[in-house]
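Chemist: Handing you this structure, nothing more for now.
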Amino acid sequence: EYGSDEIQIHKESINEKDRVLIIDDLIATGGTALASARLVRKCKVKSIEFYFIIDLKNLGGSKKLEKKYRLSSILETVG
């Protein structure tokens, strides 16, 4: 999210019959979450949802995700 890194999954670990829940501790700008979704979408899954512990609303990541995905968080904070 704040630099360059790499996310990988094993190609046969999920398939088009699966519904995927991506769990992360924090959503800020949404970079990592969107990269995860792009990677999982390549496996043509049924659906992708997100669950976060903390949503930093003022940084806009959840707003970007809400356009395409269902998401939940335990705590929402601004600033």
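Chemist: Give me the angle, in degrees from 0 to 90, between the Cα long axis of helix 31-41 and the longest principal axis of the Cα atoms of the chain, rounded to the nearest 10.
Modeler: Tilt of helix 31-41: around 20 degrees.
Chemist: Can you give the calculated 222 nm mean residue ellipticity of the chain, where each DSSP H run of n ≥ 4 adds -39,500 (n - 2.57) and the sum is split over every residue, rounded to the nearest 500 deg cm²/dmol? Don't skip to the end; give the middle numbers.
Modeler: Values: 2 runs with 17 residues, N = 79.
Taken over the chain, the calculation gives -6000 deg cm²/dmol.
Chemist: Per residue, how large is the accessible surface of the chain? Use a 1.4 angstrom probe and give square angstrom. Mind dumping the intermediate values first?
Modeler: Numbers: 5740 Å² over 79 residues.
Ligands and nucleic acids excluded, the result is 73 Å² per residue.
Chemist: Calculate the spin-label point distance for Ile14 paired with Glu49, positioning each point 7 Å from the Cα along the beta-carbon direction, and give it in nanometres.
Modeler: So the two model labels end up 1.3 nm from each other.
Chemist: Turning to a different aspect of this structure: One quarter of the convex hull surface, Cα atoms only: what value does that give for the chain in nm²? Can you show the working numbers first?
Modeler: Details: hull surface 20.7 nm².
If I average the Cα hull's projected area over directions, I get 5.2 nm².
Chemist: What's the carbon and sulfur percent of the chain's accessible surface, probe 1.4 angstrom, rounded to a whole number? Walk me through the intermediate numbers first.
Modeler: Numbers: 2920 of 5740 Å².
With neighbouring chains kept in place, the figure for the chain is 51 percent.
Chemist: Could you state the number of Å between the C-alpha centres of the range 48-79 and the range 24-47?
Modeler: 12 Å
The values are calculated or read from the model by the stated rules, or taken from the named source; none is laboratory data. Please read all numbers here as calculations on a predicted model, not as lab measurements. Every residue, glycine among them, receives a Cβ derived from its backbone with ideal geometry; neighbour counts consider all protein chains shown. Remember, those area values only see protein heavy atoms, side chains included, never the ligands or the DNA or RNA. Shrake-Rupley method; radii C 1.70, N 1.55, O 1.52, S 1.80 Å.
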